[in-house]
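First comes the structure, then the notes that go with it.
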Amino acid sequence: MAISLRLNEKEADLFRRYADIKGLSLSEMVRQAVLNQIEDEIDLQAYEKAYAAYLENPVTYTLSEAEKELGLL
């Protein structure tokens, strides 16, 4: 799949220089940046869901307690 991206000269130069510094092709740099942004958004949504659940039931466990509860000890 090919995607087109419109940049002004200043932006294009910045993108090229950054990709060169990182030793990446421009395409790979953009691909990684977009994937990282998506992963960050997914992580934030998971955090918000977990935090909301914690606020409803603010009980915490130590690692030892959790291992015991799960039968891992």
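Odds and ends about this structure:
- Put simply, of Leu35, Leu73, Leu55, Leu5 the only residue that is open to solvent by 100 Å² or more (accessible area, probe 1.4 Å), among the hydrophobic types (A, V, I, L, M, F, W, C) and part of a helix (DSSP H, G or I) is Leu55.
- Residues being closer than 17 Å to Ile3 by Cα, among the charged types (D, E, K, R) and in contact with a helix residue (DSSP H, G or I) (Cβ under 8 Å, 6 or more places away or on another chain) - total across segment 17-34: 1
The values are calculated or read from the model by the stated rules, or taken from the named source; none is laboratory data. Fair warning: this is a prediction, and the values are worked out from it, not measured in the lab. No Cβ is skipped: glycine too gets one built from the backbone with ideal geometry, and neighbour counts run over all protein chains shown. These accessible areas exclude ligands, DNA and RNA; they are computed on the full protein's heavy atoms, side chains included. Shrake-Rupley method; radii C 1.70, N 1.55, O 1.52, S 1.80 Å.
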